[in-house]
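Student: I am attaching a structure below and will ask some questions about it afterwards.
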Amino acid sequence: MLTQTILGRVYDYSHAVGGLYLPQIVGVAFGECDSVYTISRPTDAISGVPWNKTGVGAKIVKITIGDVPGDEEHILDIGRYGDADGEFIWPAGIALDSNENIYVTDEWMNRVSVFDSEGNFLKHWGEGGQNDGQFNHPAGIDIDTEDNAIVVDSLNHRVQKFTKDGNFLGEWGGFGEGQGELNSPWGIGLDDQNNVYVADHKNHLAQKFSPDGEYLMAFGSEGTGRGQLTRPSDVTVDSDGDVYVCDWANDRVQVYGPDGDFITTFIGDAQELAKWHKQTVDSNIDVIKARRRVYSLEPEWRFAMPTAVEFDHARNRLMVADTQRGRIQIYNKLNNYMEPQFNL
């Protein structure tokens, strides 16, 4: 269904962006003038190192995405695989501060690397451990309205708050299944009041906290049904307070109202190939022939383990990192939609 009208909301599928420049997207952040920063970490093998702890092609990709299909442009790549300054082993989360400096977590290096918007390395901070300010596989990151960095410290089962220079301010969470407790949390999102939303991966829900870490409420429960979640990986919030959760293992995005009530589900609607995907397909006659022999391409339209979700407030649209298919799927939220009128 390309257009959904439900509970006073209208979502309209726009298009997909992906292909050559966007393999294995796991993070998305928005800059000025339609600029979008993504994390790609292809799982190319390195001899003697387990594939799931490496990413030869790990990098940040800066692109622009307009509001119509084909209106996207590759700007630059930032960083590369490695353990030196400005390099990544296993990047996970990405966020921008008020100056459009880029903050990227690295699960393997247990640090946050910082770049300017042109890709110049500025600094990194953090180290492995369990004490205040230390990390064990940092994952999601977001920046609040005061330019503080909120970081999901995944395998320490907590959230930590820092100044943008890496000075420790506080923490909350801790391992468990109760309210405010976490089990391998991963993604994070903030609303316009700096409330913190955490994708609690192994507790199969999303939790909402105040800016100081007080537990407020939860979204979802474990399962595959309406409003349920299995291994959620990310969460974001729009200007109306609606909450979007990447239901990673169920290959979908679940949408909830501010009160936690379930609204709807997105499963992916990419009926047309993204521009860069189409260029790749059109360059290989054997691929074209193979695709024409397929009875239905519908499975290709759908999400495959979507990992990140982010709401673009400037254009009122949702972007979903459709990770295993190397693309972003885009849904517009229409505030002034009118049902068609047919006069007799």
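Student: Could you please let me know if Arg158 is crowded, with 19+ Cβ neighbours inside 10 Å, among the basic types (Lys, Arg) and more than 15 Å from Tyr37 (Cβ to Cβ)?
Tutor: It is true that Arg158 is crowded, with 19+ Cβ neighbours inside 10 Å, among the basic types (Lys, Arg) and more than 15 Å from Tyr37 (Cβ to Cβ).
Student: If you don't mind, another one. Show the residue pairs that are 6+ apart or on different chains and have beta-carbon atoms under 7 Å apart, the first residue being within region 128-142 and more than 17 Å from Gly170 (Cβ to Cβ) and surrounded by fewer than 23 Cβ atoms within 10 Å (Cβ to Cβ), the second being at pLDDT 95 or above and of a type in the set (A, V, I, L, M).
Tutor: Asn136/Leu155; His137/Leu155
Student: Next up: Output the residues belonging to region 28-43 that are surrounded by 18 or more Cβ atoms within 10 Å (Cβ to Cβ) and touching a residue at least 60 places away in the same chain (Cβ under 8 Å).
Tutor: Correct list: Val28, Ala29, Phe30, Val36, Tyr37, Thr38, Ile39.
Student: Okay, next question. Please give the strands (runs of 3 or more DSSP E) falling wholly within region 56-114 in which 2 or more residues are farther than 19 Å from Val309 by Cα.
Tutor: Strands (runs of 3 or more DSSP E) meeting the threshold: 72-78.
Student: Taking region 14-40 as the region of interest, how many residues are assigned to a loop (DSSP other than H, G, I, E, B) and in contact with a Pro (Cβ under 6 Å, 6 or more places away or on another chain)?
Tutor: Residues that pass the stated criteria total 2.
Student: Quick check on region 237-264: of everything there that is out of contact with any strand residue (DSSP E or B) (no Cβ under 8 Å at 6 or more places or on another chain) and more than 21 Å from Asp312 (Cα to Cα), which residue is surrounded by the most Cβ atoms within 10 Å (Cβ to Cβ)?
Tutor: Asp251
Student: Among what's in region 180-236 and is more than 14 Å from the chain's Cα centre (by Cα), over 15 Å from Leu155 (Cα atoms) and acidic (Asp, Glu), pick the residue that is surrounded by the most Cβ atoms within 10 Å (Cβ to Cβ).
Tutor: The qualifying residue surrounded by the most Cβ atoms within 10 Å (Cβ to Cβ) is Asp191.
Student: May I ask you to list the residues in region 67-114 that are surrounded by 16 or more Cβ atoms within 10 Å (Cβ to Cβ) and hydroxyl-bearing (Ser, Thr, Tyr)?
Tutor: Tyr81, Tyr103, Thr105, Ser113
Student: Of everything in region 163-205, what is farther than 27 Å from Gly257 by Cα and in contact with a Gly (Cβ under 7 Å, 6 or more places away or on another chain)? Give them in sequence order.
Tutor: Gly166, Phe168, Gly170
Student: Which condition from (1) in a helix (DSSP H, G or I); (2) β-branched (Val, Ile, Thr); (3) within 29 Å of Asn194 (Cβ to Cβ) is the one that Val287 breaks?
Tutor: Answer for Val287: the failing condition is (3).
Student: If you don't mind, there's one more thing I want to ask. Within region 158-183, count every residue that is in a loop (DSSP other than H, G, I, E, B) and either closer than 22 Å to Asp116 by Cα or touching a strand residue (DSSP E or B) at 6+ places or on another chain (Cβ under 7 Å) (or both).
Tutor: Final tally of qualifying residues: 10.
Student: What about Leu318, is it touching a residue at least 40 places away in the same chain (Cβ under 8 Å), within 16 Å of Tyr13 (Cβ to Cβ) and not in a loop (DSSP other than H, G, I, E, B)?
Tutor: On the way: touching a residue at least 40 places away in the same chain (Cβ under 8 Å): yes; within 16 Å of Tyr13 (Cβ to Cβ): yes; not in a loop (DSSP other than H, G, I, E, B): yes.
So Leu318 passes the test.
Student: If we keep just the residues of region 1-27 that are surrounded by 24 or more Cβ atoms within 10 Å (Cβ to Cβ) and of a type in the set (Val, Ile, Thr), which is farthest from the chain's Cα centre (by Cα)?
Tutor: It comes out as Val17.
To keep it simple, each residue is scored yes or no on (1) in contact with a Leu (Cβ under 7 Å, 6 or more places away or on another chain); (2) modelled with pLDDT of 95 or more; (3) surrounded by 20 or more Cβ atoms within 10 Å (Cβ to Cβ).
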| residue | (1), (2), (3) |
| --- | --- |
| Trp301 | no, no, no |
| Asn316 | no, yes, no |
| Ala321 | no, yes, yes |
| Gly326 | yes, no, yes |
| Gln329 | no, yes, yes |
| Asn332 | no, yes, no |
| Phe342 | no, no, no |
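The values are calculated or read from the model by the stated rules, or taken from the named source; none is laboratory data. What you see is a predicted model, and the numbers here were worked out from it, not measured in a lab. Ideal geometry is used to build each Cβ from the backbone, glycine not excepted, and the neighbour counts take in all protein chains shown.
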